[in-house]
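K.L.:
Shown below is the structure under consideration.
The values are calculated or read from the model by the stated rules, or taken from the named source; none is laboratory data. Every value quoted in this text rests on a predicted model; they were computed, and no experiment measured them. Please note: Cβ atoms are built from the backbone with ideal geometry, for glycine as well, and neighbour counts cover all protein chains shown.
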Amino acid sequence: MLDLNDYFDPVSIDKPMWSHLGEPSSFSHNLVINTENKGITDLATFRLAIVGVPDDRRSPNKGCAAAPDEIRSDLYQLSRLPVKMKITDLGNLKKGVSFDDSLAALSDVVEYLINNNTFPLIIGGSSTLIPAIVNKIPGKFNYASVDSRIDWVNERKEKDSFNYLSDIIIGNDNLDNVMIVGYQSYLNDPQVMNRFRKMNYDLVRIGEAREDIHEIEPSFRDSGLITFDISSVRQADAPGTFAPSPNGFYGEEICLLSRYAGLSDSLEAVGFFEVNPLLDSRRQTTSMAAQMIWFFLEGFAQKQNESSVLEKENSGRFVNYHVSIEDSNEDLVFVKSTVTNRWWIEYTSKKGEKHFIACSYNDYLQAGENEIPRRYMKAIKRIN
């Protein structure tokens with residue numbers, strides 16, 4: 001049996017000189033923390049575990065290894081979550097002799113946590129760590145990356161934080177879909193963008209995402225892994241990273257996306273990457289990352305797990321709406337939750353398997369205008 005104490009260094013951060021909140025009202029009061037005096041105990045009672053990975057090897061973003069503890073310092077000073085949820089902070093993963101050793105250790109820990117029904121929240125470190133997480137997501141899943149860049153290059157070179165997606169995509173039979181949220185066209189190779197479109201993956205430009213940010217929620221709801229690169233946030237709100245951009249998500253928008261991620265019924269793990277305290281200004285970026293994590297946890301604590309009861313007949317929780325589409329032999333069946341007001345489209349595959357595709361109210365309205373929603377068309381193409 002894996003002993004997590006062999007994998008982690010205890011949390012060791014300085015107590016803040018000043019805090020607006022009293023200790024009973026602070027976020028640290030939500031936690032059971034791995035310290036030198038109190039090691040890691042049985043995980044059975046914990047819904048979520050925070051895992052710091054202080055490693056910036058194979059990345060030009062030197063300094064992001066310091067991010068986990070700096071983000072913790074800001075996170076611990078935020079307020080307690082409004083709902084009760086047992087969380088443990090396991091500390092920082094011990095740095096392997098080689099980077100491959102660190103990847104193997106992270107894979108072991110993620111697999112162990114998932115198998116023990118404890119959700120892993122990863123604080124990097126660089127994005128080069130992400131393949132180690134992807135490899136342990138069970139079953140078929142969708143991967144959503146919130147990033148200003150598509151981290152794939154059309155040349156042979158060592159994998160780094162700008163070129164790790166091929167390790168995730170090539171030869172991975174469990175990966176159903178990849179979604180890049182908030183990419184900026186002028187920062188990306190047109191050939192790479194065309195490659196992803198030909199693979200039927202979802203690319204959402206920053207302008208498109210910001211125009212109607214609520215439309216991202218259904219895609220997050222169907223994702224098994226979601227990662228956030230801090231460079232997706234505009235430089236004015238998060239300057240502390242190797243490759244910032246003047247454009248990007250505003251702080252309020254990225255926190256809303258983080259909360260949507262927390263609410264996801266399908267999510268198995270989440271990660272926050274590329275924060276570099278050495279390039280930060282007055283802790284602006286570490287504070288931004290801490291607030292993103294806080295909003296993720298708020299959503300996670302309130303998730304309803306409705307996907308597990310969708311197929312149950314007569315649950316009383318859902319209402320079906322049949323929409324006729326011209327030149328189609330079958331109606332589209334929309335399912336709405338009476339509790340959360342979330343929507344799905346019911347679909348039966350050619351193999352007779354029933355699927356529920358997360359969608360939005362706008363998709364329902366679009367079907368009412370005799371247009372088949374694009375989200376639905378792309379999903380059934382992947383299913384079949």
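K.L.:
Any chance you could count how many residues in the stretch 136-166 are buried (at least 18 other Cβ atoms within 10 Å of the Cβ) and acidic (D, E)?
P.N.:
The qualifying residues number 2.
Quick grid of which residues meet (1) hydroxyl-bearing (S, T, Y); (2) in contact with a helix residue (DSSP H, G or I) (Cβ under 7 Å, 6 or more places away or on another chain):
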residue	(1), (2)
D42	no, no
N61	no, no
K86	no, no
L90	no, yes
S98	yes, no
L103	no, yes
V110	no, yes
I114	no, no
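K.L.:
Quick check on the stretch 346-384: of everything there that is of a type in the set (S, T, Y) and closer than 22 Å to L175 by Cβ, which residue is modelled with the lowest pLDDT?
P.N.:
This residue is S349.
K.L.:
Also, quick follow-up: Report every pair of residues separated by at least 6 positions or lying on different chains whose Cβ atoms are under 8 Å apart, first residue within the stretch 354-368 and in a strand (DSSP E or B), second of a type in the set (K, R).
P.N.:
What qualifies is I357/R375; A358/R221; A358/R342; C359/R375.
K.L.:
Sticking with this structure for a sec: Test S281 against the stated conditions and say whether it is in contact with a Gly (Cβ under 8 Å, 6 or more places away or on another chain) and either in a loop (DSSP other than H, G, I, E, B) or exposed (fewer than 11 other Cβ atoms within 10 Å of the Cβ) (or both).
P.N.:
Against the criterion (in contact with a Gly (Cβ under 8 Å, 6 or more places away or on another chain) and either in a loop (DSSP other than H, G, I, E, B) or exposed (fewer than 11 other Cβ atoms within 10 Å of the Cβ) (or both)), S281 qualifies.
K.L.:
Let me ask something else about it. When you go through S73, S79 one by one, which is the residue that is of a type in the set (S, T, N, Q) and surrounded by fewer than 17 Cβ atoms within 10 Å (Cβ to Cβ)?
P.N.:
It is S79.
K.L.:
Answer with yes or no whether N362 is farther than 16 Å from L267 by Cα, of a type in the set (S, T, N, Q), over 27 Å from the mean Cα position of the chain (by Cα) and assigned by TED's automatic domain parsing to the domain that holds R375.
P.N.:
No.
K.L.:
Only one residue in R317, R342 is at pLDDT 95 or above and of a type in the set (K, R). Which one?
P.N.:
Exactly one of R317, R342 is at pLDDT 95 or above and of a type in the set (K, R), namely R342.
K.L.:
Out of the stretch 209-240, which residues are surrounded by fewer than 21 Cβ atoms within 10 Å (Cβ to Cβ) and touching a Pro at 6+ places or on another chain (Cβ under 7 Å)?
P.N.:
Within the stretch 209-240, R234, Q235 meet the criteria.
K.L.:
Among the residues of the stretch 113-161, which ones are farther than 25 Å from D222 by Cβ and over 18 Å from the mean Cα position of the chain (by Cα)?
P.N.:
V153, N154, E155, R156, K157, E158, K159, D160 - these are the residues of the stretch 113-161 that are farther than 25 Å from D222 by Cβ and over 18 Å from the mean Cα position of the chain (by Cα).
K.L.:
Collect the residues in the stretch 198-255 that are under 12 Å from G182 (Cα atoms) and without any contact (Cβ under 8 Å) to a residue 12 or more places away in the chain, keeping them in residue-number order.
P.N.:
G207, E208, E211
K.L.:
Hey, can you tell me all the residues within the stretch 314-349 that are more than 31 Å from the chain's Cα centre (by Cα) and assigned to a loop (DSSP other than H, G, I, E, B)?
P.N.:
Result: N314, S324, I325, E326, D327, S328, N329, E330, D331.
K.L.:
Quick one: is R317 in contact (Cβ under 8 Å) with a residue 40 or more places away in the chain, within 22 Å of S219 (Cα to Cα), among the charged types (D, E, K, R) and not assigned by TED's automatic domain parsing to the domain that holds R221?
P.N.:
So R317 does not fit the description; no.
K.L.:
Run D108 past the list (1) without any contact (Cβ under 8 Å) to a residue 60 or more places away in the chain; (2) farther than 15 Å from F295 by Cα and report the number of the one that doesn't hold.
P.N.:
Condition not satisfied by D108: (1).
K.L.:
Report yes if some residue within the stretch 189-208 is farther than 26 Å from D100 by Cα, crowded, with 20+ Cβ neighbours inside 10 Å and in contact with a Leu (Cβ under 9 Å, 6 or more places away or on another chain); otherwise report no.
P.N.:
yes
K.L.:
Look at L81 and say whether it is part of a loop (DSSP other than H, G, I, E, B), in contact (Cβ under 8 Å) with a residue 24 or more places away in the chain and over 21 Å from K38 (Cα atoms).
P.N.:
yes
K.L.:
Could you say whether any residue in the stretch 292-306 is exposed (fewer than 11 other Cβ atoms within 10 Å of the Cβ), part of a helix (DSSP H, G or I) and not charged (D, E, K, R)?
P.N.:
no
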